[in-house]
1. When the Debye formula is applied to the Cα atoms of the stretch 1-125, each taken as the same point scatterer, what base-10 log of I(q)/I(0) results at q = 0.14 Å⁻¹?
2. Give or take rounding to whole Å, what are the principal axis extents of the alpha carbon atoms in the stretch 10-49, in descending order?
3. May I ask you to rank Phe80, Phe29 by accessible area, largest first, using a 1.4 Å probe over the protein chains only?
4. When you take every Cα atom in the stretch 81-120, what is the radius of gyration, and what is Dmax, the widest Cα pair distance, in Å?
5. Can you send over the solvent-accessible area of Ile136, 1.4 Å probe, protein chains only, in Å² to the nearest 10?
6. In terms of the Cα gyration tensor, with a ≥ b ≥ c the square roots of its eigenvalues, is the stretch 52-144 rounded because a/c is under 1.5, prolate because a/b exceeds b/c, or oblate?
7. Between Tyr100 and residues 5 or more places away or on another chain, which pairs have amide H atoms under 5 Å apart, with H built 1.01 Å from N, and which residues are they?
8. Return the carbon/sulfur percentage of the accessible area of the chain, one whole number, probe 1.4 Å, all protein chains in place.
Amino acid sequence: PGPRFTDNNDGTVTDNLTALVWLKNTNCFGMLDWQRAILAVKSLEEGACGPDPDLILSDGSSAGDWRLPTMVELCTLIDFKRRDPALPNGHMFSDAPSGYHWSATTIDYHPEMAWIVYFESGTTCYENVKNRAGHIWPVRMLVE
């Protein structure tokens with residue numbers, strides 16, 4: 001669709017291709033281990049992600065509306081033709097921090113490992129859920 005992304009002017013960006021709503025601030029929480037990432041995302045609500053007024057969440061969301069994205073959802077944001085960041089042209093997100101972003105998807109038969117995405121290169125891998133080095137990029141479904 002054109003445009004692919006819509007800045008909702010409330011701290012969120014809608015991906016018109018997937019109907020997912022992403023937090024505009026790609027570094028709202030800093031770096032956390034996977035379990036803490038899940039808890040942090042569940043507590044995300046309106047008024048969070050300051051102090052930059054353009055990134056403060058003002059979408060009317062409540063705790064429990066947001067979640068950690070699946071690996072498939074994170075991969076929809078990768079543009080394999082681009083680097084630093086490997087995000088689609090015209091994206092409206094704040095600067096994606098270096099390092100990886102956690103997904104909610106664990107590896108079958110190895111639940112201590114979760115899939116991750118490096119947005120500076122567009123590569124994917126997996127990491128132990130006890131590692132504290134992951135970023136969080138919350139997502140929710142489009143509410144109409």
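The values are calculated or read from the model by the stated rules, or taken from the named source; none is laboratory data. Predicted model, so just to flag it, every value in this text is computed and none were measured. No Cβ is skipped: glycine too gets one built from the backbone with ideal geometry, and neighbour counts run over all protein chains shown. To get the accessible areas, we keep the full protein, side chains included, count just its heavy atoms, and leave off ligands, DNA and RNA. Shrake-Rupley method; radii C 1.70, N 1.55, O 1.52, S 1.80 Å.
1. For the requested q values the scattering log ratios are -0.60.
2. For the stretch 10-49, the Cα extents along the three principal axes come out at 30, 21, 15 Å.
3. Details: Phe80 135, Phe29 55 Å².
Ranking Phe80, Phe29 by accessible area, largest first, yields Phe80, Phe29.
4. Calculated on Cα positions, Rg and Dmax stand at 12.7, 38 Å.
5. Near enough 0 Å² of accessible area.
6. Numbers: a/c = 1.76, a/b = 1.19, b/c = 1.48.
Because a/c hits 1.5 or more and a/b fails to exceed b/c, the stretch 52-144 counts as oblate.
7. His135
8. Values: 3840 of 7240 Å².
Taking all protein chains in place, the chain shows 53 percent carbon and sulfur surface.
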